[in-house]
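These notes are about the structure you will find just below.
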Amino acid sequence: MKTIVYIIGLGHSGSTLLGNLLGSAQGAIHIGEIPSPISRKKVIQCKICNPGDCPIWDKLINKRYIFKLHKKYSRYIRLAKMSGFHKLSRLFTIQKNYVYEKIFLSIPDKQLIIDSSKSTYWASFNKKTRYVKKYIFLNRDIRAVLASYNRIYSDLYTGRMTIINRILNNIKRFHTSIKPNDKYILNYEELILSPENHLKKLCDFLDLKYSPEILEYYKNKFHLIGGNSGLIQQFLRYHQLDDTEFSKKYTDQLNYRYYEQNKIGLNLDERWKEELNPIDLEYIDKNIDFDLILNDSYTD
């Protein structure tokens with residue numbers, strides 16, 4: 001049975017890494033963050049290939065369809081923000097997603113697509129598509145998430161907390177709308193510290209065959225839309241390919257140095273301990289609604 005797996009969570013939570021790990025399993029493919037170009041009415045472009053060179057995306061998606069889907073999805077988001085997607089999803093969701101269908105048709109050996117877009121709106125928008133749907137709710141230490149945002153946008157004190165709380169609230173509400181057998185809560189830090197244990201459980205949840213080779217995700221070339229550029233940097237380093245031009249285009253210098261200096265593979269990223277000062281931490285503690293964060297003991 002063909003399956004779509006949605007990784008749901010905050011941005012900068014490790015979804016690209018999780019997608020690459022699961023996408024290394026036999027029969028699975030990680031496609032990245034599909035709604036990113038759709039919501040901006042842009043042609044889908046692979047993150048690692050030059051325009052025109054991608055064996056998957058350049059021949060796969062019709063530009064006219066992307067623009068049509070953009071119009072429908074944008075309208076859905078506007079209505080969802082006004083009425084709440086948990087109500088809207090029963091009335092206004094698409095029956096067929098051409099993007100997923102084209103991927104399955106063009107890569108017949110893949111039975112499971114991992115979509116790491118993290119968006120509750122996108123997952124809700126696709127709730128009525130004919131494929132089996134599974135949901136992984138990915139958590140990460142909120143201090144690490146905010147440090148990662150701040151590294152790029154420098155907006156820790158300019159409304160970021162309000163946005164985070166709103167997303168967390170959407171995630172929790174969306175979680176309650178999913179049947180227990182179709183959802184799985186995962187902590188990023190626990191995944192990194194005990195990857196084999198958690199990946200075996202995830203493979204069971206997704207009906208995938210676990211193999212130790214999954215942990216060597218960096219050997220595989222993923223044709224992703226969006227996501228963490230540092231993981232593509234790992235792929236280029238492992239294969240001893242020149243990453244200079246790629247890094248200039250996609251990765252800020254702080255992240256470039258981090259991925260250049262660390263060993264290839266799984267590393268627990270705790271840069272927040274050096275980057276956030278006591279004032280930052282106190283501000284986070286006062287402004288984040290920690291009751292909204294899902295955990296393994298959470299029940300609807």
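Among the residues of the range 113-164, which ones are acidic (Asp, Glu) and farther than 30 Å from residue 256 by Cβ?
Scanning the range 113-164 gives no hits.
Under 9 Å between Cβ atoms, which residue pairs at least 6 apart in sequence (or on different chains) link something in the range 25-38 that is on the phi > 0 side of the Ramachandran plot with a partner that is among the aliphatic types (A, V, I, L, M)?
27/112; 27/208; 32/114; 32/224; 32/225
List, please: which pairs have Cβ atoms under 6 Å, are six or more places apart or on different chains, and start with a residue in the range 113-131 that is touching a residue at least 12 places away in the same chain (Cβ under 8 Å) and surrounded by fewer than 21 Cβ atoms within 10 Å (Cβ to Cβ) and end with one that is among the acidic types (Asp, Glu) and not in a loop (DSSP other than H, G, I, E, B)?
none
Among the residues of the range 158-168, are any touching a residue at least 24 places away in the same chain (Cβ under 8 Å), in a loop (DSSP other than H, G, I, E, B) and crowded, with 17+ Cβ neighbours inside 10 Å?
No, the range 158-168 contains no residue that is touching a residue at least 24 places away in the same chain (Cβ under 8 Å), in a loop (DSSP other than H, G, I, E, B) and crowded, with 17+ Cβ neighbours inside 10 Å.
For the range 1-23, which residues satisfy the criterion of being touching a helix residue (DSSP H, G or I) at 6+ places or on another chain (Cβ under 8 Å), surrounded by 22 or more Cβ atoms within 10 Å (Cβ to Cβ) and of a type in the set (Ser, Thr, Tyr)?
Those that are touching a helix residue (DSSP H, G or I) at 6+ places or on another chain (Cβ under 8 Å), surrounded by 22 or more Cβ atoms within 10 Å (Cβ to Cβ) and of a type in the set (Ser, Thr, Tyr): 6, 13, 16.
Show the residue pairs meeting these rules: Cβ distance below 8 Å; 6+ apart or different chains; first residue within the range 40-56 and under 19 Å from residue 241 (Cβ atoms); second residue among the basic types (Lys, Arg).
48/221
Considering only the range 255-275, how many residues are within 18 Å of residue 236 (Cβ to Cβ) and touching a residue at least 40 places away in the same chain (Cβ under 8 Å)?
Residues in the range 255-275 being within 18 Å of residue 236 (Cβ to Cβ) and touching a residue at least 40 places away in the same chain (Cβ under 8 Å): 5 in total.
Restricting the search to the range 34-58, which residues are closer than 19 Å to residue 232 by Cβ and of a type in the set (Gly, Ala, Ser)?
Answer for the range 34-58, where residues must be closer than 19 Å to residue 232 by Cβ and of a type in the set (Gly, Ala, Ser): 36, 52.
Being among the acidic types (Asp, Glu) and over 27 Å from residue 3 (Cα atoms), is that true of even one residue in the range 195-215?
No, the range 195-215 has no match at all.
Output the number of the condition that residue 257 fails; it satisfies all remaining conditions of (1) farther than 24 Å from residue 44 by Cβ; (2) modelled with pLDDT of 85 or more; (3) basic (Lys, Arg); (4) out of contact with any Cys (no Cβ under 8 Å at 6 or more places or on another chain).
The number of the failed condition is (2).
The values are calculated or read from the model by the stated rules, or taken from the named source; none is laboratory data. Just so it is clear, the structure is predicted and the values come from calculations on it, not from any experiment. Counting neighbours? That spans all protein chains shown, and the Cβs are built from the backbone with ideal geometry, glycine included.
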